[in-house]
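All remarks here apply to the structure that follows.
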Amino acid sequence: MSEQVAVPETVSTGQVPSRKVLLAAGAGHFVEWFDMGIYGTLSTVIAANFFAAGDPTAARLSTFAVFAAGFVIRPLGGLFFGPLADRIGRQRVLAIVVLTTSLATFAIGVLPTYHAVGALAPLLLVVARLVQGFAAGGETSSAVPVLYEYAPPNRRGFFSSFADTFGFAAFVFGSGLALLLTASFGDATMTSWAWRLPFLLALPLGLAGLYLRLKLQDTPEFRELEARGEVTESRCARPSAPVARRCWCWPGWS
């Protein structure tokens, strides 16, 4: 008979997530959607700063194409960070992605414009958006499971929905801030330098989110698997090899 593994009492499931859990899980969603709000609202200003003058319509379409690039790469971020969270824990991955997302958003605020470096400007903008989109994929694939695994079985849908609540609030806040700055500074100042301010704000927001997530314990379900020695290994086994522990692999692997 196999030896029974004692699971600590602190690793119990079914408890209502605390306010700290909700804030820590929602912080990254807030930073992610905050960027989307300000990017969309300031698309005209971004087009004027990162693309050649002469055809405003083409520049604006290019701006939204760069915006879309972040969405295209998001599934890859989910495929990367999701399995990583199964190996090292949700809390660590959440800390990584909120820092990466906020740094990428902050980077947009300090990028040189087309007038300064030419075609390098839109290229750097694309890189920043790809990094942010990649991290955002990990945000969704990790933050929602944290809320789900902390919640009692009969309220998991309710608590998981808080991720979208934070995201929508951030989108409204980002859009509102961009409109407020435009009304306060005027179009000329916004186009010149004030458009950078909302993007720069992403760094302190991200650091606050990082602090909350570093103080967060991993989910009860992950700690239970850890106590039982069933956390997935760092490498997946090929189909021909036996799998002794739970492991997420690429399609076609077991």
Worksheet item: Is one or more of the residues making up the stretch 142-152 among the small types (Gly, Ala, Ser), part of a helix (DSSP H, G or I) and surrounded by 23 or more Cβ atoms within 10 Å (Cβ to Cβ)?
Response: yes
Worksheet item: What are the residues in the stretch 183-229 that are free of Cβ contacts under 8 Å to residues at least 40 places away in the same chain and among the polar types (S, T, N, Q), if any?
Response: SER184, THR189, SER192
Item to complete: Any chance you could count how many residues in the stretch 147-169 are under 15 Å from LEU94 (Cβ atoms) and touching a Pro at 6+ places or on another chain (Cβ under 6 Å)?
Response: 1
Worksheet entry | Answer residue from the stretch 179-203, given it is surrounded by 18 or more Cβ atoms within 10 Å (Cβ to Cβ) and in contact with a Gly (Cβ under 7 Å, 6 or more places away or on another chain) and is farthest from VAL31 (Cα to Cα) among those | ARG196
Discussion item. Among the residues in the stretch 56-74, are any assigned to a loop (DSSP other than H, G, I, E, B) and modelled with pLDDT of 90 or more?
Written reply: no
Item to complete: Would you check if there is a residue in the stretch 23-41 being crowded, with 18+ Cβ neighbours inside 10 Å, among the aliphatic types (A, V, I, L, M) and outside any helix (DSSP H, G or I)?
Response: no
Worksheet item: What are the pairs, 6+ residues apart or on separate chains, where a residue within the stretch 110-125 that is closer than 13 Å to ALA52 by Cβ and touching a residue at least 24 places away in the same chain (Cβ under 8 Å) has its Cβ under 9 Å from a residue that is of a type outside the set (S, T, N, Q) and open to solvent by 60 Å² or more (accessible area, probe 1.4 Å)?
Response: TYR114/ALA53; TYR114/LEU120; HIS115/ALA53; ALA121/TYR114; ALA121/HIS115; PRO122/TYR114
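The values are calculated or read from the model by the stated rules, or taken from the named source; none is laboratory data. What you are looking at is a predicted structure, and each value in this text was computed from that prediction instead of being measured. Ideal geometry is used to build each Cβ from the backbone, glycine not excepted, and the neighbour counts take in all protein chains shown. The protein model used for the area step is the full one, side chains on, heavy atoms only, and it has no ligands, DNA or RNA in it. Shrake-Rupley method; radii C 1.70, N 1.55, O 1.52, S 1.80 Å.
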